[in-house]
């Protein structure tokens, strides 16, 4: 009887407690348009608990009577906090404003949760889809070329000069799509044409070592393409374009003729909508590019589908897919500097590339604002052409991530992030790489906290690699970042982080030839490691109806055991081989300035972005044991000291005019073998010691509210420039773009 009495008492107590609860409910919409917002985080600050809005923007919370601070936050919108006094059921309607201010932009990649751009502890750039559309960007590397501090050297991504050029094998910058890696299993590289550039929410670029959260290949930084999910209002956009390559300058005595009509044409389409609890986005892109060099072409079709189902207010399932087929003709290097648009004999080949990825993701919001995410990716790549270069690779990625806001009386906000990650790579290739596999497991944790005006971030990670059942390679890394609001709209930051990178299959096992140039395998190649540190200040400004920010940073990066393809006389013969530069330390130090602004000047709307980066890339050779007093230095290969980036768009009524300007100073040092084996490289470099300045211009007009026509000129000055030794850049091109966006 006593047991039954106790159970009855507890039941009555629970019912009494529940009876004392009251309901706070309402709807969250976008300010101005009144569109319902799905997935807005509704948090009870200081007490724990919360929910997210449903497909109609509605939310509800059961709380005990009392006073509360309710916070509403959503990616791309300015967060809102409301005080409520709950004594009975109450409704609270909220409108969120789009984060138009550049300092108010919300980013995710830095801490893997929503933060304002001004609060992050590292240098970071955000690229909005408007920049891609205005410049008619069709490849992701072309978009990154326009970001301050970033350059792409013949497909090799560089952030502040970290990577140089390694013939497309390996990357010191981790590339993500929706927070998951997209480096191929074989070469550890990125096929830039594969990324779904037609479906972009925003691109986030982190500068500096970021291995604590993202693992190997993040020595130089992170690039994260975040795709867009639909809002309550359906969206459709269709875009078609066509370019014609102009005649090269008279310096080239053997150019192709203008009447050859070499051109590039393409079309893309995107549609997104909500259907009940389902979010659906589908995109397609197709292009036929004859190329501006003989034997070079690309015929590719790409399609992508993002689907998300909100099972409950707390549980959602999504499956994202992307696939591409690309038939290409490759151009390795020229005949000579004056016949730069013709390939050297034996260096052209044709290739059919097929690749796709499938990404199932499960997300659950638990009690006290806990968030559980289980991410998965299968990434399949296949290249067919010359039988000696056929490859097939599969990358399997799995990650469980846990996030928990912590409650401390002394802190305004605390976020704990932890996770486990697993990556398995399998490569099947004939004489090129052979049959290879690798496995990586990792555990990581990071805490981000705001104490008064101070934000800090502390992260730790431990990884283990096993390559072809060899002895495990283990790496612990750490990072620390600080951000302090010194004055109103003035943020001072400092960060330091470790990084590492294991060699790709291509760097270890490649066995290939390009014309007279041979590349040999090096199975004993080991991992490289390094660290980077920076100090910077971000200053917001407002002048009339214009506002923006100015950012200045100084940085220092150091690498040990750096991997570089090096030309030498090896036992196999003369050629290139990836080597660890164990006898030297590589250092990159420099300063960076960037600025962005936008707003109204009279009747005009103006948006600008400016960046300048100076680097001093040196290699310091360690003293020989018998001569400890001698230390020699040299410049790291394939780097440029000065980078300028500028973009501006001026609009009035239906008209828009813009420009994009890029300057890379002279490439200081290249492999001497290229000067010896590729005719004309020395002569071409000697005639252009001032570097390369590329100017693009654009003019657009809205034929009606849903139809826009644009005229574009790329490389308007028809500048002759060399991407890497033996590879000429595109001559001037004229383009038309037509964009249809029904309301």
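The values are calculated or read from the model by the stated rules, or taken from the named source; none is laboratory data. As the structure is a computational prediction, the values presented were derived from the model and not from experiment. Because the Cβ atoms are built from the backbone with ideal geometry, glycine has one as well, and the counts that use them run over all protein chains shown.
Only residues that are more than 20 Å from residue 174 (Cβ to Cβ) and not in a loop (DSSP other than H, G, I, E, B) were counted in region 430-441, giving 3. All conditions but one from (1) at pLDDT 90 or above; (2) touching a helix residue (DSSP H, G or I) at 6+ places or on another chain (Cβ under 8 Å); (3) within 27 Å of residue 450 (Cα to Cα) apply to residue 402; the one that does not is (2). Residue 572 passes every criterion in (1) free of Cβ contacts under 8 Å to residues at least 60 places away in the same chain; (2) within 28 Å of residue 512 (Cα to Cα); (3) under 26 Å from the mean Cα position of the chain (by Cα) apart from (3). In this structure, is residue 651 farther than 30 Å from residue 614 by Cα and buried (at least 16 other Cβ atoms within 10 Å of the Cβ)? Yes: the conditions hold for residue 651.
Condition test on residue 561, is it within 28 Å of the chain's Cα centre (by Cα), over 30 Å from residue 121 (Cβ atoms) and surrounded by 16 or more Cβ atoms within 10 Å (Cβ to Cβ)? Taking the combined requirement at face value, the residue does not satisfy it.
Has region 173-181 got at least one residue that is crowded, with 24+ Cβ neighbours inside 10 Å, part of a loop (DSSP other than H, G, I, E, B) and at pLDDT 85 or above? There is no residue in region 173-181 that is crowded, with 24+ Cβ neighbours inside 10 Å, part of a loop (DSSP other than H, G, I, E, B) and at pLDDT 85 or above.
Residues being within 31 Å of the chain's Cα centre (by Cα), exposed (fewer than 15 other Cβ atoms within 10 Å of the Cβ) and assigned by TED's automatic domain parsing to the domain that holds residue 585 are entirely absent from region 671-689. Just one of the listed residues (549, 567, 593) is in contact with a helix residue (DSSP H, G or I) (Cβ under 7 Å, 6 or more places away or on another chain), surrounded by fewer than 19 Cβ atoms within 10 Å (Cβ to Cβ) and not in a loop (DSSP other than H, G, I, E, B), and it is 567. Scanning region 119-144 for residues that are over 23 Å from residue 713 (Cβ atoms) and part of a helix (DSSP H, G or I) turns up just one, 119. If the condition is being surrounded by fewer than 23 Cβ atoms within 10 Å (Cβ to Cβ) and assigned to a loop (DSSP other than H, G, I, E, B), then region 201-227 contributes 201, 227. If you check 155, 149, 164, 170 for being under 26 Å from residue 106 (Cα atoms) and either in contact with a strand residue (DSSP E or B) (Cβ under 8 Å, 6 or more places away or on another chain) or surrounded by fewer than 24 Cβ atoms within 10 Å (Cβ to Cβ) (or both), only one passes: 149. Restricting 295, 283, 303 to those that are in the same structural domain as residue 178 (by TED's automatic domain parsing) and outside any strand (DSSP E or B) reduces the list to 295.
Yes or no, residue by residue, for (1) in contact with a helix residue (DSSP H, G or I) (Cβ under 6 Å, 6 or more places away or on another chain); (2) buried (at least 21 other Cβ atoms within 10 Å of the Cβ):
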residue: 111; (1), (2): no, yes
residue: 114; (1), (2): no, no
residue: 124; (1), (2): no, yes
residue: 129; (1), (2): no, no
residue: 132; (1), (2): yes, no
residue: 135; (1), (2): no, yes
residue: 139; (1), (2): yes, no
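Here 699, 709 are screened, and the one residue that is surrounded by fewer than 18 Cβ atoms within 10 Å (Cβ to Cβ), more than 29 Å from residue 149 (Cα to Cα) and modelled with pLDDT of 95 or more is 709. For region 483-509, a residue qualifies if it is in a strand (DSSP E or B) and either without any contact (Cβ under 8 Å) to a residue 40 or more places away in the chain or out of contact with any helix residue (DSSP H, G or I) (no Cβ under 7 Å at 6 or more places or on another chain) (or both), and the qualifying residues are 484, 485, 486, 487, 490, 492, 493, 494, 495, 496, 501. Scanning region 577-597 for residues that are at pLDDT 90 or above and more than 22 Å from residue 533 (Cα to Cα) yields 596, 597. Selection of region 712-729 for residues being crowded, with 19+ Cβ neighbours inside 10 Å, within 27 Å of the chain's Cα centre (by Cα) and either in a loop (DSSP other than H, G, I, E, B) or not assigned by TED's automatic domain parsing to the domain that holds residue 660 (or both) yields 715, 725. In region 257-283, the residue that is modelled with the lowest pLDDT out of those that are under 25 Å from residue 684 (Cβ atoms) and surrounded by fewer than 17 Cβ atoms within 10 Å (Cβ to Cβ) is 258. Comparison of 255, 196, 230 shows that the only residue that is more than 30 Å from residue 706 (Cβ to Cβ) and in a loop (DSSP other than H, G, I, E, B) is 255.
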